[in-house]
Every structure is written in C-alpha cells, then in structure tokens.
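Trainee: This structure is in structure tokens; I'll ask about it shortly.
The values are calculated or read from the model by the stated rules, or taken from the named source; none is laboratory data. Not measured: the values here are computed from a predicted model. Methodologically, a virtual Cβ is constructed for each residue, glycine included, from the backbone with ideal geometry; neighbour enumeration extends over all protein chains shown.
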Amino acid sequence: MKTMKSTSKKFFDVSIAGHQTKGDPATLAWNKNQKLLQGLGDNTLNCLCIPQAPPQLSVRRKNTRYFPARWPNTNLLHHPGCHYYSSYQKKNLNDDTKPAVSELDDGGLRVHLLTSLQVAGAQKKVVIATDPVTRTGVQKRQERAKDRHVFNLLWEQAGLTSFSGAKAQKLTWFLIAQRLMHAAGEMVISKSGEKLSDYLLIAGPNSSRNLQEHNSRVLDLPERRYFIVGQLKSVTVRDDQGKPNALLPLRDAIDGIKLNVSRKKFNKYARRWPLLEKATEMSGHVLVFACITPKKTFGTGTDRWFEVTQLCLLPVSGHYIPVESSYELTFAEYLIKEKRDFGKPIASQNNGAVRPDFVLYDTAPVTFVEVWGMDTPDYRERREEKVKYYTDNQLSLLEWDAQANMSLPDLPQSVK
C-alpha cells in the first residue's frame, strides 16, 4: 500500500523536557531528538496543539528509533486539527475481535465496511492482502463499520467537526467538496489499498472542474456499488400520482446520473427524526450519505440510473457542524456566534467511556460540554455516570440542562 501523508490533520510542535521542537517524526529536526527521547520520564513530552493546556504524549519505539504517540484516553484533549485527535478510542474488545476502524501511521484510517460494494454477479477483483496477519491459529472476528459511522468518520477526517473561533474560514459546499475528496483518499477500505475516494461520488457545483473529474474517474469503473454524499434540498419527497419511487432530492446534481429512491422508505426515515425539518428551519442543512446500486438505463436517454439501497441523513448547523438534537443545534449556533474554538466529537462504534456533546479548546484546561435534553430514568442514569467520569478524571465540565432551563449558560472565559 502506498504511503500518503494526511492532508486533513497536522503535527504540531512538541515539548520535550521543556524544549520546543517540530513534532513531525518525518522531519530532520526529529532525528536530533532521538537522544532526548531515550529514557524519557513521564510528563516530559507534550503536544503543543493547545498551548494553554498541552496534552501529554507517550514515546513509542520502532526498531532503533523513537516516535511520539497518543497517551491513552487523551484523544479528545488534542485539537481537532491535530494528528493525535480522534473521536474514537480502542474499545476493550475480546482477543478474538479486531476493531472496525484503526489508525494508520500516516494519519489515515483503515476502515472495514459493513456494506459490500460488490454488485451481485460481477466478477470479483483478485487482490493481494497487505493487512498484517497474526498467526495465532485462531481466526479473529472482524468488526464492520456501519454506513452512518463511515459518514461521521469522513466528516471528521475532512476537518468539518470543529470551529476555530475568530479564525474560522467561511465554508461553502464548494470548499467542503474539496475537503471530502482529500479526506476520502485517506480512508483505506480494502486489503488491496483501495480508498473510499475510489467509490465516493460527491454532488456539488458543476463549476468545479476537479470535482467533475473526480466523479468521472469513479464512474469509469462499472459493475459496482458507490457511495454518494450531497446536500438535500428537501427532507420529503412529494407524492406523484401514486408512484412508489422518486428522484433523491439533492440540491446539486451529477451530470448523467439519476438516483431512484423509494418514496415510502425515504419519508418514513425522515419522519422518524424531527430534527431534520428543524435544522432547515434554523438555517442549518441536511446532508445525505447513500449507497447506490446501478440499474438498467431507463427510457431512451443516456443517463445512468441507480437505486438508493441504503440511506443516512445528517443534520448540521449553518457552519456544517454535525448535531444530534435541536438543543445541540441551538448550542452550536451559540458557540459560533460567540466565536469560540470548539469541536463536536462524532458518534462511532469506537467511542470511549464517554462522548461529550462539544469540547471547548480555548479554555485552560479544555472544557467538556454536555447538553442534557431528556428526563427519562435511563437518561438520568447515564447522565450520572458521565458526570462521575468527568469528576473522577478531573475534567472541566460545562452543563446545560435544556429542559429545565432554556436560558443558555455563561461560557467559561477564553484564554486566546
């Protein structure tokens, strides 16, 4: 598999026993740090991605060289733009189970998909396995990533789950499409080294020449399923003389492509989640990530028709930050209005003990944010567990009980 440097995240400077230096192990400066890292004690290697609260790093030895590595359970303490940040952690899986997602040394991800992209009856591609194999005599069970988690990981890998305060770039779908292309190229989905970008269509502005070229390259290889990502222009499809199917209501089309979706399934899915309608009412957006299967050409035209076989919808704020409730949407817009530096940890199959709703990165130490929006017995029990976790680990916590008090809480002072 060809090594590719991550384009979405970067190595920040590190502090080695109080000495600041470049943090990228591939630089010449890192070669000079080898002696400093030998026998390095605790609390002497820190990542400077958040200068006012630098998270600790550990030291990993490979052959005769020393490299920095993420300290256990500190993944959310790094800035979302940092190489060591992630919303997911290694779970305590059984010895006979391998995780659905693992990190690569170059900052990319190895993702084992639950959805097969092979079309029934198509000739299978012969590949040479490049994944490491542990010869223990016992075959390990491989966890698989569901489509929604793949979408969330893609969004995070593209750097779209954070807002950098006053320095934040104004995002357009054109810019987002470029980020998604790069991020999908950092997600390896097969033993032969195929990337998610080899199967991902992006519905975006027709004025984007490199986006058109990307989609054309993906479509050049027939007899397979694809993923498609885009913005919805409506969260419902209207009844059309009782026809069971309709075109997927994308805001941007891909030339020569028609996407057929079951009207009943789409509307049923959308109605289950009232937040989708709420997002569009509150200046947000609704995004779609779908698996599509090729169909025979309809009519006399030259369009290629696909059937939407699996569908994921993602509500986001006006700045494209993912949200999971109307209260989260309100709070995200509040943080954006106040120009705060924050991130939104995404849901995945590898989340750790807790997953906060937001994390403020412009405080010292960083502040975890919980937006409480329900009052059921199970919810209260989980709330108590999470608060105890923050307390036991001496983590700073900001809470908003949205049901009990609709007034937004005062934010901790920014140190930037």
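Trainee: If you take the residues in the stretch 17-30 that are at pLDDT 80 or above and either more than 31 Å from the chain's Cα centre (by Cα) or not assigned by TED's automatic domain parsing to the domain that holds Arg65 (or both), which one is surrounded by the fewest Cβ atoms within 10 Å (Cβ to Cβ)?
Mentor: Ranking the qualifying residues of the stretch 17-30, first place goes to Gly18.
Trainee: Which condition number in (1) among the β-branched types (Val, Ile, Thr); (2) crowded, with 21+ Cβ neighbours inside 10 Å; (3) assigned to a strand (DSSP E or B); (4) out of contact with any Gly (no Cβ under 8 Å at 6 or more places or on another chain) is the one that Thr293 fails?
Mentor: Going through the list (1) among the β-branched types (Val, Ile, Thr); (2) crowded, with 21+ Cβ neighbours inside 10 Å; (3) assigned to a strand (DSSP E or B); (4) out of contact with any Gly (no Cβ under 8 Å at 6 or more places or on another chain), Thr293 breaks only (2).
Trainee: Taking the stated definitions as given, is Glu370 touching a strand residue (DSSP E or B) at 6+ places or on another chain (Cβ under 8 Å), surrounded by fewer than 22 Cβ atoms within 10 Å (Cβ to Cβ) and within 22 Å of Val316 (Cβ to Cβ)?
Mentor: Yes: the conditions hold for Glu370.
Trainee: Residue under question is Ser102, and the condition is that it be modelled with pLDDT of 85 or more, buried (at least 22 other Cβ atoms within 10 Å of the Cβ) and under 24 Å from Phe358 (Cα atoms); does it hold?
Mentor: no
Trainee: List every residue pair whose Cβ atoms sit under 8 Å apart, with the two residues 6 or more apart in sequence or on different chains, where the first one lies in the stretch 89-106 and is among the β-branched types (Val, Ile, Thr) and the second, anywhere, is modelled with pLDDT of 80 or more and part of a loop (DSSP other than H, G, I, E, B).
Mentor: That search, which allows pairs on different chains as well, returns Thr97/Glu143; Val101/His112.
Trainee: Now for a different question. Quick one: which of Leu153, Leu201, Leu219, Leu232 is modelled with pLDDT of 95 or more and either at negative phi or among the acidic types (Asp, Glu) (or both)?
Mentor: Answer to the check: Leu201.
Trainee: Quick check on Tyr88: is it at pLDDT below 80 and either over 15 Å from Glu143 (Cβ atoms) or in contact with a Leu (Cβ under 9 Å, 6 or more places away or on another chain) (or both)?
Mentor: yes
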